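Input: a single structure, listed below in structure tokens.
Nothing in this text is a laboratory measurement; each read-out follows from the coordinates by a stated rule. Everything numeric in this text was worked out from a predicted model, so none of it was measured. Don't worry about glycine lacking a Cβ; one is built from the backbone with ideal geometry, like all the others, and counts go over all protein chains shown.
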């Protein structure tokens, strides 16, 4: 008789050199899910697999629960819940979202972030958790006898800053008011209470005032589930600080070619700066938007320390990393050969973008021609690290973004190689490139003479060693304990 061992393992956190087109890293994809007894085959991991279709369902029981172990403690800003698109919203509405570090009562005694309510079939709703700290995210139907159904649970540490803003639009079709597009509800149904819509007009527009200036990483747009997705095709997403032409002359982040019904589409804006986010449709047509989400990016330079080859008093190095562009406070070196400025990021990053701003009154020749270099070496003051870009055509009072394609480094240098000159910088911003963390399920069946459940850690270690020569930067963990199947072999 052979013992056949059936197991499922998660080879998670496999890094990919691709730009991340998510709102921010969905922590749920890195975690492990479990729940109170399942309604087979609707297992817990279906709710954290990155797909909106498959769902998890518990048995019909008192106080059913679902729990996500994030494997580390985080300050959680947002939890997004997606409901079953076919039926049964009552199996989700009324459930509590709880976050914390305790497993007492299976984690269902942790602090409440929100109570799920008003979740219609197939809809997704954002719940703000205001930085609640915890390793475990529970969804629990406290005090009720019911199934608990969840089709997707997403967990983010970044905040959707659109929820704090104010919306307006060029006109209003019936009751499709602009603030409906920033109510936190994605995948909305086709009612005037869930989407914004303009009249049929030329160059219709929708605008979000963020009430402050941000560096915007991504804008997420969601359309109606069942109708009229073409009411946004061809629209431009524009970001900036000007209200000229109602904000529609600001810089373009992206052009929306097509948005599938009810599915959020993410547009990367690479740290564009602005207070206003516009969606403008250059055509004679209604403009409909069901949800707009906006996520900012962190300027790594704001946390680092700056130095330079010398200072033309009082223009010190840190003035180029103070968050103030175009003002009179810039960094300037002495007039010297190979003048340089360096930012120590205090940690190692994959740098996606470096943004250089020039002074507002003069002297672009004191910036143009400088090299941006990134790396981990301090040889020659860091000026021998690899080149990301050569600064050119930077006009007075202008800002230019340079893509560094994920170059790794702790130090960002700007150096006037081979020239005798001042080096002037009014602001240097550094933004990291984020990579995929891919979640992969492996299902294996093999013969063994040992109790695989007892030896699961050893088996995992052996698999990790075997895969290490083919895959870099990955972790393995069990999503289910190994299951043993007995199969009777006929004697020859």
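Spin-label model, residue 456 to residue 362: label points 7 Å out along the Cα-to-beta-carbon direction sit 7.2 nm apart. In this calculation the C-beta distance from residue 90 to residue 174 is compared with R0 = 30 Å, giving a FRET efficiency of 0.55. Modelled label positions at residue 377 and residue 130, each set 7 Å beyond Cα in the direction of Cβ, lie 5.1 nm from each other. Note on residue 199 and residue 419: with the Förster distance fixed at 51 Å, the Cβ-Cβ geometry gives a FRET efficiency of about 0.30.
A Förster radius of 51 Å combined with the Cβ-Cβ distance from residue 112 to residue 284 puts the calculated FRET efficiency at roughly 0.60.
With 0.36 nm allotted per residue and the present C-alpha distance subtracted, the residue 465-residue 166 stretch has 102.4 nm of extension available. Stretched out straight at 0.36 nm per residue, the stretch from residue 73 to residue 244 would grow longer than its current Cα-Cα span by 57.1 nm. Were the residues from residue 62 through residue 393 laid out at 0.36 nm apart, the gain over their Cα-Cα distance would be 112.4 nm.
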